[in-house]
Amino acid sequence: MSVFNASRLLGKTVLITGASSGIGEATAILFAKGGANVILTARRWDALQNVVVQCAAAHKAAGAQQGGRFVPIVLDVTDKNQIASFLNKVPNELRSIDILVNNAGYVVGVDRVGDLSLENVENMFATNVFGLFALTQLLIKDFKARKTGHIINLGSIAGREPYAGGSIYCATKHAVNAFTGALLRELVDTPIRVTEIQPGMVETEFSVVRFKGDKSAADKVYDGLQPLVAEDIAEEIVWAASRPPHVNLAEVFVLPVNQATATLNYRSPRL
């Protein structure tokens, strides 16, 4: 038995939201390397095309004999009409989706209650919560009919414990945690698997968005410690997806070694 047996991914079809950068991008590339077909969705067409090129290169370099279809589709998960018509844009041969990775999400600002922008609040809930719920509901009946499928939701340490300055983001990720837990229980009499990946501090473009494009402010969040990177979380996602059919990693809580909670971490002193 190999350390990481990816043979169960061969020829599988994976749908990833938020696949244009960060964790979604890294996950798409790793699934491609494992011999899967990947449907990549996000709002940015040019960025998606770049990830498709990387997927094709990873698949070729791995010498995978199955999979190899990489389809970019522009999708705004907050748009009900786009979600309702989404499957019409998927090539017929890829409509039997095996794995859904609900990765799309974002956070903006560190404002406290009383100073929150209601527009930002609505947008975070629309992306992090509604989009995840809607994509899952779109596919779940087909999963049940085919008696197969795996739903992998990107949660967060913010869904385990709230922290000051993150009230809305924490609320959205607590919603993801509750939804995922309820779904796990609803599907207990089926072979459909449900997983929540809960990262701690991950350094990606996500952090820059939180600070409204201020990269120096985003960099300070990780000053003095080594954070996780997108590829670390991609490995956990693909690992969960590649387990035997009777094995379900219900929750994967992953932190950098110098982080213990949302607010407790150790930073090396500057010399």
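A short reminder: the numbers here are calculations on the coordinates, not readings from a lab. This is a predicted model, so every value here is computed, not measured. Quick reminder, even Gly has a Cβ in these numbers, built from the backbone with ideal geometry, and neighbours come from all protein chains shown.
Take the alpha carbon atoms of segment 161-271, find their radius of gyration, then divide it by 2.2 N^0.38 Å using N residues; give the quotient.
Numbers: Rg = 16.3 Å, N = 111, 2.2 N^0.38 = 13.2 Å.
Cα-based Rg divided by the globular estimate yields 1.24.
Which lysines have a Cα less than 24 Å from the Cα of LYS147, not counting those fewer than 8 places away in the same chain?
LYS12, LYS89
Give a residue-ordered list of calculated ³J(HN,Hα) values for segment 154-160 (Karplus: 6.51 cos²θ - 1.76 cosθ + 1.60, θ = phi - 60°; whole Hz; x for Gly, Pro).
8, x, 5, 4, 5, x, 9
Between segment 132-156 and segment 204-267, what is the C-alpha centre distance in whole Å?
23
Out of every Cα-Cα pair in the chain, what percent are more than 32 Å apart?
Summing the P(r) of the chain above 32 Å gives 20 percent of all pairs.
Can you run phi through the Karplus equation (6.51, -1.76, 1.60; θ = phi - 60°) for segment 121-134 and list ³J(HN,Hα) in whole Hz, with x for Gly and Pro?
4, 4, 5, 5, 5, 4, 7, 6, 10, 4, x, 5, 4, 5
Relative to a virtual label point 7 Å from the Cα of ARG112 in the Cα→beta-carbon direction, which members of segment 143-186 show backbone nitrogen distances below 17 Å?
What the label zone holds, given the 17 Å backbone N cut-off, is 162-170.
What is the chain's relative contact order, in percent, from Cα pairs under 8 angstrom and six or more apart in sequence?
Relative contact order of the chain: 19 percent.
At 222 nm, what helix-only mean residue ellipticity would the chain give, in deg cm²/dmol to the nearest 500, using -39500 (n - 2.57) for each DSSP H run of four or more? If you can, show how the numbers build up before the last one.
Numbers: 9 runs with 103 residues, N = 271.
Theoretical 222 nm ellipticity from helices: -11500 deg cm²/dmol.
If each of GLU161 and VAL53 carries a label point 7 Å out from its Cα toward its Cβ, how far apart are those two points in nm?
In this crude spin-label approximation the distance works out to 4.3 nm.
Distances longer than 21 Å among the Cα atoms of segment 1-88: what percent of all pairs is that?
Considering segment 1-88, 29 percent of its Cα-Cα pairs are separated by more than 21 Å.
Whole-Hz Karplus ³J(HN,Hα) for segment 247-255, in order, using 6.51 cos²θ - 1.76 cosθ + 1.60 and θ = phi - 60°, x for Gly and Pro?
Once rounded to whole Hz, the list reads 10, 10, 7, 5, 9, 10, 9, 10, 10.
By how many nm would the segment from ALA250 to ARG95 grow when fully extended, if each residue of separation counts as 0.36 nm and the alpha-carbon distance is taken off?
Working it through step by step, the gained length comes to 53.3 nm.
Can you give me the distance in nm between label points at ASN5 and VAL74, each placed 7 Å from the Cα along the Cα-to-Cβ direction?
Going by the 7 Å Cα→Cβ label model, 4.3 nm.
May I ask you to order 160-173, 53-66 by the average number of other C-beta atoms within 10 Å around their residues, highest value first?
Values: 160-173: 18.9, 53-66: 15.0.
Descending packing order for the listed peptides: 160-173, 53-66.
Taking R0 as 30 Å, what FRET efficiency do you get between ARG146 and GLU231 from their Cβ-Cβ distance, rounded to the nearest 0.05?
In this case the efficiency is close to 0.45.
Mind telling me which of VAL176, VAL52, VAL90 comes out most flexible in a GNM of the chain, alpha-carbon contacts under 10 Å?
Judging by the Gaussian network model, the answer is VAL90.
If the reach is capped at under 17 angstrom between alpha carbons, list the aspartates and glutamates near LYS33, excluding any in the same chain fewer than eight residues apart.
GLU25, ASP98, GLU231, ASP232, GLU235, GLU236
Tell me which residues come under 5 Å, amide H to amide H, from GLU251 once H is placed; ignore anything under 5 positions away on its chain.
The answer is GLU196.
Let me check I have the definition right: for segment 29-70, take the eigenvalues of the Cα gyration tensor, multiply each by 5, take square roots. What are those semi-axes in whole Å, largest first?
Sorted largest first and rounded, they come to 19, 9, 6 Å.
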